[in-house]
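For reference, the structure discussed in these notes is given below.
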Amino acid sequence: MHQVGQRARGALEDARERLARILDCEAEEVIFVSGGTEADNLALLGAVRATRKPRKHVITSAIEHPAVLNACRRLEEEGVAVTYLPPDGQGQIDPDAVRRALRPETVLISIMHANNETGVLQPVAEIGEIAQAAEIAFHSDGVQAFGKIPVDLRALHADFYSLSAHKLYGPKGIGALVARKSAPLAPILYGGSQERRRRPGTENVPAAVAMAVAAELAVAEMPSETVRLAQLRDRLERAVLEKIPATGVNGAGAPRLPNTTNIYFDGVKADALIIALDLRGFAVSSGSACSSGKLEPSHVLMAMGLSLERARASIRISLGRWTTPEQVDALVEALVDSVEQLRRLAPAELSHV
């Protein structure tokens with residue numbers, strides 16, 4: 001009731017309203033959480049546990065972020081049946097496969113908006129229509145998509161949509177779940193009455209404000225930044241394919257985010273290439289940040305049908321606000337030299353591909 005608390009509350013609610021305007025939803029549908037992982041967990045666990053059906057079934061894909069896949073595994077431990085749909089060779093989920101997977105006991109469909117490793121966009125609007133027609137809740141992990149491409153939640157027919165601030169150059173440790181008022185949602189944490197009793201715990205007010213500002217900046221710059229990043233991505237891919245033999249772009253035949261590319265270099269181990277590029281001042285990865293340090297091949301690329309060798313020879317490269325054409329050209333030269341050197345050290349591996 002005191003003035004200091006009222007100012008903090010005002011800042012928090014202002015941030016919520018600013019995000020709601022961008023997302024074309026009601027402010028009370030925006031739930032502030034700690035990031036994308038918590039948003040995904042709250043959507044899946046909260047939505048499924050809120051249903052009263054004696055038997056429950058969830059449909060998701062085999063290429064989801066670990067925050068979704070591991071939440072689904074937890075639901076399986078609770079007796080929930082889960083269908084993991086495989087993608088096609090380009091990394092997309094077929095809406096008809098979603099339709100065929102429906103059961104009378106299906107309570108939730110969760111398909112990501114954009115893949116975090118390949119940048120491939122999913123047909124979420126079509127899948128959302130299927131869910132809406134079947135009167136089944138639909139969740140989409142929008143962590144990678146929001147701020148990079150236009151997001152219209154009404155057009156996506158999404159009951160739940162996950163966001164994370166650090167993908168927008170906002171701070172780490174803050175995110176949001178958009179939850180439609182009509183969609184039942186049980187809390188997964190227990191404590192105070194914050195966030196309308198859906199997510200207890202003292203709100204991170206400065207981070208929430210920063211997230212709203214970052215989102216506004218991203219949306220304002222999106223028309224020009226999307227074009228710029230797509231041009232840089234195409235410049236990178238074109239140069240790599242022209243200058244380095246036995247390479248290819250995973251998911252190149254599907255619509256993708258403008259800032260992400262996933263490229264394989266046959267005969268080269270991704271971890272060795274990542275280290276070589278790091279020594280030259282370039283930071284790339286072989287999968288999601290949540291999988292960094294692991295030696296297992298990407299579950300996304302394996303689900304797309306890549307061989308074990310090719311999946312282990314693939315790296316993800318992300319471009320951003322401060323990436324320049326000169327940096328892209330320098331990365332290409334670093335790739336040319338590094339791949340040539342690594343292949344020279346292990347020529348037998350290339351012959352087996």
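Selection of first residues in the stretch 112-130 that are more than 22 Å from Ser318 (Cα to Cα) and of second residues that are of a type in the set (Phe, Trp, Tyr), restricted to Cβ pairs under 9 Å at least 6 apart or on distinct chains, gives the following pairs, ordered by first then second residue: Val124/Phe138; Ile127/Phe138; Gly128/Phe138; Ile130/Phe138. For the stretch 151-170, the set of residues classified as at pLDDT 95 or above and open to solvent by 40 Å² or more (accessible area, probe 1.4 Å) consists of His157, His166, Lys167, Tyr169, listed by residue number. Being assigned to a loop (DSSP other than H, G, I, E, B) and among the β-branched types (Val, Ile, Thr) is the filter here; which residues of the stretch 170-194 pass it? The answer is Ile174, Ile188. Applying a threshold of 7 Å to beta carbon distances and a minimum spacing of six or more residues, or different chains, the list of pairs starting in the stretch 153-173 at a residue that is farther than 12 Å from Ile111 by Cβ and ending at one that is open to solvent by 50 Å² or more (accessible area, probe 1.4 Å) and outside any helix (DSSP H, G or I) reads Leu153/Asp24; Arg154/Asp24; His166/Lys172; Tyr169/Arg321; Gly173/Ser34; Gly173/Asn204. Given the criteria open to solvent by 10 Å² or more (accessible area, probe 1.4 Å) and part of a loop (DSSP other than H, G, I, E, B), does Arg52 qualify? Yes; evaluated as a whole, the condition is true for this residue. Under the condition of being in contact (Cβ under 8 Å) with a residue 60 or more places away in the chain and under 11 Å from Ile315 (Cα atoms), which residue from the stretch 248-265 is nearest to the chain's Cα centre (by Cα)? So the residue we want is Thr260. Selection of first residues in the stretch 278-306 that are loosely packed, with under 11 Cβ neighbours inside 10 Å and of second residues that are at pLDDT 90 or above and part of a strand (DSSP E or B), restricted to Cβ pairs under 7 Å at least 6 apart or on distinct chains, gives the following pairs, ordered by first then second residue: Ser292/Ser285.
Taking the stretch 82-103, which residues are open to solvent by less than 10 Å² (accessible area, probe 1.4 Å) and either aliphatic (A, V, I, L, M) or modelled with pLDDT under 95 (or both)? Once the filter is applied, which keeps residues that are open to solvent by less than 10 Å² (accessible area, probe 1.4 Å) and either aliphatic (A, V, I, L, M) or modelled with pLDDT under 95 (or both), the stretch 82-103 yields Ile93, Val98. Out of the residues in the stretch 217-244 that are among the small types (Gly, Ala, Ser) and closer than 28 Å to Gly170 by Cβ, state the one that is surrounded by the most Cβ atoms within 10 Å (Cβ to Cβ). If we take residues in the stretch 217-244 being among the small types (Gly, Ala, Ser) and closer than 28 Å to Gly170 by Cβ, then Ala218 is surrounded by the most Cβ atoms within 10 Å (Cβ to Cβ).
With the condition kept exactly as written, say whether any residue in the stretch 199-207 is open to solvent by less than 40 Å² (accessible area, probe 1.4 Å) and either within 25 Å of Gln122 (Cα to Cα) or free of Cβ contacts under 8 Å to residues at least 12 places away in the same chain (or both). For the stretch 199-207, residues open to solvent by less than 40 Å² (accessible area, probe 1.4 Å) and either within 25 Å of Gln122 (Cα to Cα) or free of Cβ contacts under 8 Å to residues at least 12 places away in the same chain (or both): absent. Annotation: of all residues in the stretch 286-310 being touching a helix residue (DSSP H, G or I) at 6+ places or on another chain (Cβ under 9 Å) and hydroxyl-bearing (Ser, Thr, Tyr), the one that is modelled with the lowest pLDDT is Ser291. Would it be correct to say that Thr247 is farther than 15 Å from Asn116 by Cα and open to solvent by less than 70 Å² (accessible area, probe 1.4 Å)? Criteria met by Thr247. Among the residues of the stretch 32-50, those that are more than 24 Å from Met222 (Cα to Cα) and touching a helix residue (DSSP H, G or I) at 6+ places or on another chain (Cβ under 7 Å) comprise Val33, Thr37, Asp40, Asn41, Leu44, Leu45, Val48. The residue list Thr106, Thr37 contains one member that is surrounded by 18 or more Cβ atoms within 10 Å (Cβ to Cβ) and closer than 25 Å to Pro297 by Cβ, which is Thr37. One residue is enough: does the stretch 58-80 have a residue meeting the conditions in contact with a Phe, Trp or Tyr (Cβ under 7 Å, 6 or more places away or on another chain) and crowded, with 24+ Cβ neighbours inside 10 Å? Yes, some residue in the stretch 58-80 is in contact with a Phe, Trp or Tyr (Cβ under 7 Å, 6 or more places away or on another chain) and crowded, with 24+ Cβ neighbours inside 10 Å. For the stretch 264-272, the criterion of being farther than 26 Å from Leu121 by Cα, surrounded by 14 or more Cβ atoms within 10 Å (Cβ to Cβ) and either aliphatic (A, V, I, L, M) or at pLDDT below 95 (or both) is met by at least one residue.
The values are calculated or read from the model by the stated rules, or taken from the named source; none is laboratory data. What you see is a predicted model, and the numbers here were worked out from it, not measured in a lab. Using ideal geometry, Cβ is built from the backbone for each residue, glycine included, and neighbour counts are taken over all protein chains shown. The accessibility values were calculated without ligands, DNA or RNA, using every heavy atom of the protein model including side chains. Shrake-Rupley method; radii C 1.70, N 1.55, O 1.52, S 1.80 Å.
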